[in-house]
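Peer 1: Would you mind keeping the following structure in view while I ask a few things?
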Amino acid sequence: MAEKRLTAAERRSQLIAVGRTVFAERGYDGASVEEIAERAGVSKPIVYEHFGGKEGLYAVVVDREMDHVITSIAAAISQGPPRDRLGGATLAFLNYVKEEPEGFAVLSRDVPAKVGMASLLADVGTQVGDVFAAEFKRAGYDPKAAPIYAQALIGMVSYVGQWWTENQKRDIEDIAAHVTALAWMGLRHLPRKPERLPRLSTD
C-alpha cells in the first residue's frame with residue numbers, strides 16, 4: 001500500500017516538528033538542512049521551499065515556542081490575588097521547562113549569536129510586561145515600571161529553569177514556591193516610587 005502523500009500544511013507541520021527536535025539537540029549552529037531533510041524523509045529543496053532555509057525554519061520554531069510560553073504566563077497572571085498570579089506565572093514557566101524540554105532547549109541552547117538567549121527571553125519579558133503593565137495600572141503603580149519587573153521575573157525564572165534541567169531531583173512545584181516567595185517578598189513591599197541608590201564616591 002502506497003504511503004499517504006502529505007498536504008503542504010501537513011508537510012510544513014512535520015518539518016517544524018523535526019526542526020524543533022534537531023535545533024534542541026544540536027543548537028542552531030550545529031543543525032543542518034541536510035539532517036532536518038533526512039529525518040523528515042524529504043529532499044533539501046522541500047525545506048527551502050517551505051522556509052527559505054535553516055534561518056527561516058528556526059524563526060518559525062522560536063516564534064511558536066515563545067507564543068506557547070507567553071500564552072501560558074498570560075493565562076496564569078490574569079486572575080486571582082496578586083501572590084497567586086505571581087506564583088502562577090512562575091509555575092507556568094517552570095512547567096514549560098519540565099513538560100517541553102525540547103522547546104526550552106531551543107530557546108536556551110546555542111542560539112545564533114545575533115539573536116542570543118538573552119534577546120529571546122527579553123522578547124518574552126517584553127510581552128509579559130504588557131500584561132504586568134495593566135495590573136500595575138489597576139493597582140495604582142506606574143505602568144511604565146512594569147517591564148522592569150517582568151524582565152527581572154523572566155530572567156530569574158529562566159536561569160532557575162536552566163539549573164533545574166541539570167538538577168531534576170527537586171520537585172518543580174517546590175522550586176516554583178521558593179522562587180515565588182523570593183519575588184513576592186520584594187513585590188509585596190514595593191514602594192510606589194523606589195528611592196535611587198546613592199552614588200558611590202570615586203575618590
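The values are calculated or read from the model by the stated rules, or taken from the named source; none is laboratory data. Quick caveat: nothing in here was measured; it's all calculated off a predicted structure. What goes into the accessible areas is simple: the full protein's heavy atoms, side chains included, and nothing from ligands, DNA or RNA. Shrake-Rupley method; radii C 1.70, N 1.55, O 1.52, S 1.80 Å.
Peer 1: Using the Karplus curve 6.51 cos²θ - 1.76 cosθ + 1.60 with θ = phi - 60°, what ³J(HN,Hα) values do you get for each residue of region 160-174, in whole Hz, with x for Gly and Pro?
Peer 2: For region 160-174, the Karplus-derived couplings read 5, x, 4, 4, 5, 4, 9, 9, 7, 6, 8, 5, 5, 6, 5 Hz, x marking Gly and Pro.
Peer 1: Can you list the HN-Hα couplings for region 81-90, worked out from phi with the Karplus curve (6.51, -1.76, 1.60; θ = phi - 60°), rounded to whole Hz and with x for Gly and Pro?
Peer 2: Those phi angles translate into x, x, 5, 5, 5, 4, x, x, 5, 4 Hz.
Peer 1: From the protein chains alone at 1.4 Å, what is the descending order of accessible area for 68, 50, largest first?
Peer 2: Ranked list, largest accessible area first: 68, 50.
Peer 1: A further question follows. Probe radius 1.4 Å, ligands and nucleic acids ignored: give me the carbon and sulfur share of the accessible area of region 1-52 as a rounded percent.
Peer 2: 50 percent
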